[in-house]
Amino acid sequence: MQHFGKYLIFMKSLFARAESSKVIFNRTIDEAILIGINSIFIVAIVSTFIGAVTCVQTSYNLVNALIPRSTIGYMVREMTILELAPTITSIVLAGKVGSNIAGGLGTMQITEQVDALEVMGINSASYLVLPKIVAAMLVFPMLVIISMFLSIAGGYLAGTITGEITAQEYITGIRDDFIPYNVVFALIKAEVFAFLIASISSFRGYYTSGGALEVGAASTTAVTNSVIAVLIADFVCAQLLL
């Protein structure tokens with residue numbers, strides 16, 4: 001509870017004496033490039049192979065001749081949109097982006113760069129942290145959309161190359177009983193996960209004290225806490241929105 005209260009006070013400090021909108025905008029664009037553009041490769045690799053594995057394993061379990069093969073495409077689409085794309089992508093980004101945010105802020109804290117900003121009259125929390133959170137909430141949904149597309153494409157490639165399913169059967173499956181709201185649900189989850197990962201990682205990094213060992217410990221704690229928060233939020237969102 002002590003850490004949670006400190007976290008809430010930290011979030012309030014972001015807006016207590018906020019920097020100008022122009023400064024926040026410019027900082028947000030820089031952070032969006034660091035968080036989003038630099039994460040596309042890892043998201044693409046993970047998503048493509050998750051879709052491929054989902055397709056192959058679904059095919060392995062469909063042994064009943066009465067079940068149409070197009071069900072494989074349907075299962076890949078539903079699993080990808082509802083769970084795999086937003087949740088697995090966010091967990092991967094919690095490791096990459098979360099540790100980077102915590103490590104960067106922790107290093108600035110122990111080298112007294114944060115204190116220097118405060119001496120100059122700048123709200124360091126607003127200047128350093130708020131753009132990271134806004135940028136994460138902007139780029140995470142984009143990364144999730146890319147993940148959805150590549151995961152379904154990976155399932156298509158794996159199914160057709162291995163001969164488990166024909167291209168027509170797979171396309172029929174991914175078109176069957178499509179519910180557009182599922183995409184909206186996935187993007188809402190992406191926004192929630194982005195806020196949790198960026199804010200928790202920033203909180204852990206901002207309050208780092210000590211030396212290099214503490215920076216490493218803060219990064220590890222940030223990733224662990226972010227992943228736990230994502231999994232809890234995943235359940236809560238599913239319970240409230242579905």
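The values are calculated or read from the model by the stated rules, or taken from the named source; none is laboratory data. None of these values were measured; they are calculated from a predicted model. Glycine also receives a Cβ, built like all others from the backbone with ideal geometry; neighbour counts cover every protein chain displayed. The protein model used for the area step is the full one, side chains on, heavy atoms only, and it has no ligands, DNA or RNA in it. Shrake-Rupley method; radii C 1.70, N 1.55, O 1.52, S 1.80 Å.
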Next on the checklist: Please compute the per residue accessible area over region 22-241 with all protein chains in place, 1.4 Å probe, rounded to a whole number of Å².
Outcome noted: 47 Å²
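At a 1.4 Å probe, what is the % contribution of carbon and sulfur to the accessible area of region 63-195?
Carbon and sulfur: 69 percent of the exposed surface of region 63-195.
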Item to check | residue 22 accessible area, 1.4 Å probe, all protein chains in place, Å² to nearest 10 | outcome: 150 Å²
Checklist entry - Size of the dipole of region 69-182 about the Cα centre, Lys and Arg at +1 and Asp and Glu at -1 on the beta carbon, nothing else charged, in debye to 20? => result 180 debye
Next on the checklist: Mean Kyte-Doolittle hydropathy of -0.5 or higher plus an axial Cα length of 15 Å or more: which whole DSSP H helices in the chain meet both?
Outcome noted: 2-16, 21-35, 40-61, 99-110, 130-162, 181-206, 212-241
Checklist entry - From the residues 145, 104, 85, which one has its Cα farthest along the dipole of the chain in the positive direction, the dipole being from +1 and -1 charges on Cβ of Lys/Arg and Asp/Glu about the Cα centre? => result 104
Checklist outcome for this item: Taking max minus min of the Cα coordinates of region 113-196 on each principal axis, largest first, gives extents in Å of 65, 27, 13
Checklist outcome for this item: Taking the chain and counting helices only, DSSP H stretches of n ≥ 4 at -39,500 (n - 2.57) each over all residues, the nearest-500 ellipticity at 222 nm comes to -25500 deg cm²/dmol
Checklist entry - About its Cα centre, how strong a charge dipole does region 22-241 have in debye, to the nearest 20, once Lys and Arg get +1 and Asp and Glu get -1 at the Cβ? => result 160 debye
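Greater than 20 Å separation of Cα atoms is the criterion. Which listed pairs, 6/189; 22/96; 22/132, meet it? List each step's numbers first, then the result.
Working: 6/189 25 Å; 22/96 28 Å; 22/132 15 Å.
As for pairs spanning more than 20 Å Cα to Cα, those are 6/189; 22/96.
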Item to check | Given charges at Cβ of Lys, Arg, Asp, Glu: the chain dipole, positive-most of 61, 35, 8 | outcome: 8
